[in-house]
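The values are calculated or read from the model by the stated rules, or taken from the named source; none is laboratory data. Quick caveat: nothing in here was measured; it's all calculated off a predicted structure. Cβ: placed from backbone, ideal geometry, glycine included. Neighbour counts: every protein chain shown. Just the protein is used for accessible areas: all its heavy atoms, side chains included, with ligands, DNA and RNA removed. Shrake-Rupley method; radii C 1.70, N 1.55, O 1.52, S 1.80 Å.
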Amino acid sequence: MSGKGALCVPSHSSVRTPGRIKGVWLAALTLFGVGCSEQPATTAAPATSLAQGLSEAAAMRPGPVASTVGLALEVEDGAGVPLKVRAGQSFYINVIDVRATATASRDEGVDGLRQAGDFAGLAWQGLSLADEEPVLLSNPDGTFTRRRFYRNAQWMEQPSIFTVQPVDAQGRPTGRAIPLHIGKDDSRKSNDDFFIRRLRAIQWTGDCRTATDCTGAKKFSEEALVELRNARTGATPFTLSPDTRALRLSWSARPGADYSIPVEQVENPSYAYGFAIDVKAVTPPRADGTYAPGAAITFQLALRDGAGKRLHPEGTLPSYNEVVFGQNEPGIQYYRAFFDSTTTYYRRKHRERMLMTQIIGPAQRIQAIRTIVDLDAFLDPTQDVQTIGTLERDGVYAQFQTFPPSNKLFGGAFFPEQKLWDVPGKDTWTYQLPANAEPGTYLVSVKGRRVYLGEDIPASRTIEIQVGSPQHTEAKLTTGHCENCHKDGGELSKVLHGNDNRAACAACHAPLGFELEGPIVVRAHFIHARSDRFDAPKQQCATCHLGPETVQRTSKAACLSCHKSYPDSHVEKFGPIESMYVGGGRESFQQCTGSCHKTHPGSGF
């Protein structure tokens, strides 16, 4: 879930109260949030990071604390976000997020960033518009938001180096300087220090007449972003001396203009670094170890630090307000795109931080789900769990639940007078197997993130249950070879959700009425098609697909998540391209034809 244009909630009391479930107020979910200057009423959030130093085993279950911890550094309009860290700990740099912003009352693209502010001195030559995408839901005043994504400026394309220097209160070095090579946009090199490198600029238009017409708009915001994350294997470790008070961050693209990130070292913190998730079925199976079709099965999670200490009392989870607006010492995280909008590939997906669970099965039936889940289902006060897939309709059964449940998570934004964000959470939930559940193995997963003393770490846990038969069944995935590229710090066990079980993706990644690009097949296509650091030819389907039959299902979403255009004959028959992700609207997941496109030129099959 990307929260495509985040709801800007300066404080809970200021959230606009909608009057109906359909119409203009639905857009509150995706309000243009980039221009929001007011933040939740807490101290600044600690800088964040993905856990490179934590082993896969520690991410999946309680275990020993990582000896070296990945730190995240953040800079906002030239100011370093203060960082708290554990004293005496060994670290490495795992994330760097730098953002510069500007506003305008006319459509100037992102020229305001060139003319003033933190990135004005960068080399902007070569900048070009790469993509654009509207936010599907209207704003509360009936207008719409458009996003335009810019690439190819020299500072985005060319190699550069960040340098981190620990300093004392007077700015004197307290340790060695650590150079971090970010490499080029169009190639991966062995000396790159980060697996993910994304530099771009975005223009947000906040008062468009319709989703496709911004004539006369006057509310423009601009931002330039540096996103570096997932340190490569062999990242340089360092320990801060007791007199260190800041990290000086230098960037070769901005010579002589250093950033300062204040540092506070904490002695004997209450929790260890690291993050692990336990999941268990509370409802006992039958004598043969299986569950009957139609059974209601209750599950329970436990969130722990890397030493196995609970982050919450058994039976409860903190309320949304406690996590986002209050004091949440253990670092539990919930969905945050209300305040820091995220966009697949282009903007800060690692900061969305959804805590979520899914069930999908039977394993031998696992496939992409193309049925759209509308916002009404999220807001239904009688349903904590959403049914995403059915055997009859989708060929596979799937349900998911967010934490807090979506009717409180999103309902709390729409209906603040109901104080749904104050409701304490539960660490249990119940999935209802369908009466016609096919025998086999079913996968139950939980994924989330933890932010604690400078570490922003993902974790996922998947367990299996048997339904109808003790015979174990396996998923038959149609893609593979991910490890050929996803290695040396970019393993699937480390990026984004920290999940290397690709069978456990489809239920969470369903198309949503307010976010059609949800399916993992769409996101995988889009990210690899847009990334110039993907080594193989883009038309060579065999790089990832395992057989020619796996590229023969034609739909707008399948084709236009990679291709940026199609022939005039297709425009006449299927309509113009309206979405950079799926090509069109809700029809984009329907199979166009069963007789065309049996092969793909250059596919390798």
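Taking every protein chain into account, the 1.4 Å probe leaves Met156 with about 0 Å² of accessible area, to the nearest ten. Only protein heavy atoms count here; on that basis, with a 1.4 Å probe, His528 has an accessible area of about 60 Å². One chain, two ends: Val282 and Asp243. Fully extended at 0.36 nm per residue, the span grows by 9.1 nm beyond their Cα-Cα distance. Take the Cα of Asn436, step 7 Å toward its Cβ, do the same at Thr316, and the gap between the two points is 4.3 nm. Between Thr103 and Lys564, the FRET efficiency estimated from the beta carbon spacing at R0 = 35 angstrom works out to 0.75. Model label points for Gln418 and Val571, set 7 angstrom from Cα along the Cα-to-Cβ axis, are 4.5 nm apart. Placing a label point 7 Å from the Cα of Gln591 along the Cα-to-Cβ direction, the residues of region 558-583 whose backbone N falls under 16 Å of that point are 558-559.
By the helix-only formula, in which each DSSP H run with n ≥ 4 contributes -39500 (n - 2.57) and the sum is divided by residues, the chain has a 222 nm mean residue ellipticity of -2000 deg cm²/dmol. Per residue, the average separation of C-alpha pairs within less than 8 Å and at least 6 apart gives the chain a relative contact order of 17 percent.
Sorting Leu129, Leu317 by accessible area puts them as Leu129, Leu317; the probe is 1.4 Å, largest comes first, and only protein heavy atoms count.
Points 7 angstrom from Cα along the Cβ direction at Asp213 and Gln300: gap in nanometres? Placing both labels 7 Å beyond Cα along the Cβ direction yields 5.7 nm.
Charged neighbours of Glu157, selected by a Cβ distance under 9 Å, balance to -1 (K, R count +1; D, E count -1). In this structure the chain gives 39 Å² per residue of accessible area when probed at 1.4 Å with all protein chains present. Counting protein heavy atoms only, the chain has 51 percent of its accessible area on carbon and sulfur, 1.4 angstrom probe.
Loop exposure criterion: GluC sites (Glu not before Pro), DSSP state outside H, G, I, E and B, at most 10 other Cβ atoms within 10 Å. Applied to the chain, the longest stretch between such sites is 315-605.
Over region 515-605, what is the relative contact order in percent, taking alpha-carbon pairs closer than 8 angstrom and at least six residues apart? Relative contact order of region 515-605: 40 percent. For Ala79 and Gln539, the difference between the fully extended length at 0.36 nm per residue and the C-alpha to C-alpha distance is 161.4 nm. Within the full protein context, the accessible area of Asp568 is estimated at about 130 Å² for a probe radius of 1.4 Å.
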